[in-house]
1. Among the residues in the range 30-50, are any modelled with pLDDT under 90 and on the phi > 0 side of the Ramachandran plot?
2. Tell me yes or no: at least one residue of the range 114-131 is touching a helix residue (DSSP H, G or I) at 6+ places or on another chain (Cβ under 6 Å), surrounded by 14 or more Cβ atoms within 10 Å (Cβ to Cβ), modelled with pLDDT under 80 and not aromatic (Phe, Trp, Tyr).
3. Restricting attention to the range 5-18, and to residues there that are surrounded by fewer than 13 Cβ atoms within 10 Å (Cβ to Cβ) and of a type in the set (D, E, K, R), which single residue is farthest from Ile64 (Cα to Cα)?
4. Among the numbered criteria (1) touching a residue at least 40 places away in the same chain (Cβ under 8 Å); (2) farther than 23 Å from Ile64 by Cα; (3) open to solvent by 80 Å² or more (accessible area, probe 1.4 Å), which one does Phe21 miss?
5. So, of the residues in the range 24-46 that are in contact (Cβ under 8 Å) with a residue 12 or more places away in the chain, part of a loop (DSSP other than H, G, I, E, B) and open to solvent by 40 Å² or more (accessible area, probe 1.4 Å), which turns out to be nearest to Pro106 (Cα to Cα)?
6. Residues of the range 47-72 being touching a residue at least 40 places away in the same chain (Cβ under 8 Å) and assigned to a helix (DSSP H, G or I), which ones?
7. Can you say whether Glu16 is farther than 22 Å from Pro169 by Cβ, more than 16 Å from the chain's Cα centre (by Cα) and without any contact (Cβ under 8 Å) to a residue 24 or more places away in the chain, as far as the supplied structure shows?
8. Go through (1) surrounded by fewer than 19 Cβ atoms within 10 Å (Cβ to Cβ); (2) modelled with pLDDT of 65 or more; (3) of a type outside the set (S, T, N, Q); (4) outside any loop (DSSP other than H, G, I, E, B) one by one and return the number of the condition Arg76 breaks.
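The values are calculated or read from the model by the stated rules, or taken from the named source; none is laboratory data. Note that the coordinates shown come from a computational prediction; the quantities given were computed from them, not determined experimentally. FYI the Cβ positions are ideal-geometry reconstructions off the backbone, even for glycines, and counts take in every protein chain you see. We work out accessible area using only protein heavy atoms, side chains counted, and drop any ligands, DNA or RNA first. Shrake-Rupley method; radii C 1.70, N 1.55, O 1.52, S 1.80 Å.
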Amino acid sequence: MKLKILMVEDDKSLSEMMCMFFEKEGWKVDVAFDGEQAVNQFKQDPNKYDLITLDLNLPKKDGIQVAKEIRAVSTRIPIIMLTARNSEEDQILGLGVGADDYVSKPFSPLALIARIRALLRRIKIEDNPKLNKPTQLYQAFDIETTHMKISKSRREVLFDGQAVANITPKEFSLLFTMAQKPKQVFARGQLLELVWGYDYFGEERTVDAHIKKLRQKLEKFGANVIQTVWGVGYKFDDSQV
């Protein structure tokens, strides 16, 4: 697995150490030492990088703002947020603005590498130009419900024929997982296992943060299709929309 990583980290000794570990894996690394530099560097060529590690506490622009600006350009680039803060609110905030995972400082370099590998196993980096051929637009959808059509290979979501834009990889996986079994109730822990994987060490509140953002995007179309089952979890149901 050859990767090109953008590491956003203002601690130069930590970035130098992580560069050594990444390069031992055969990965190439660019380093940005503040939030403004990170955004400018990413915008120069959004297709250059396979993954971003993003410190939360940065000069000029903090990690939350950087994540927002990167997500405005690309909904696909995987982001792992690194934070010295250990509060659940900061972690949920980071996930809510588009981070795919977070790691608390201090961390083991080998543990971070393992998290990167685990994340990339679950996120398909779509760099195959064949996926962009016009004929792909006419392929069948994997899921067709009363109002929604979902294609996994094209990562396409239509609500009554209208494309739902800017869905992140985790939001797409949550929607796809629940829409496969309409009206079935999924517990938060069950969604963590199905979407994040058995090796994920995060909190169940992670699911709530991603569901909230996904709902906001769907509700622009008047689509209240993800419903809370109090005390249990969530279900997909568009039969009553």
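1. No, the range 30-50 contains no residue that is modelled with pLDDT under 90 and on the phi > 0 side of the Ramachandran plot.
2. Checked the range 114-131: at least one residue is touching a helix residue (DSSP H, G or I) at 6+ places or on another chain (Cβ under 6 Å), surrounded by 14 or more Cβ atoms within 10 Å (Cβ to Cβ), modelled with pLDDT under 80 and not aromatic (Phe, Trp, Tyr).
3. Taking the candidates together, the pick is Glu16.
4. (3)
5. Of everything passing the filter in the range 24-46, Phe33 is nearest to Pro106 (Cα to Cα).
6. Hits for the range 47-72 are Gly63, Val66, Arg71.
7. Judged against the criteria, Glu16 is a match.
8. (4)
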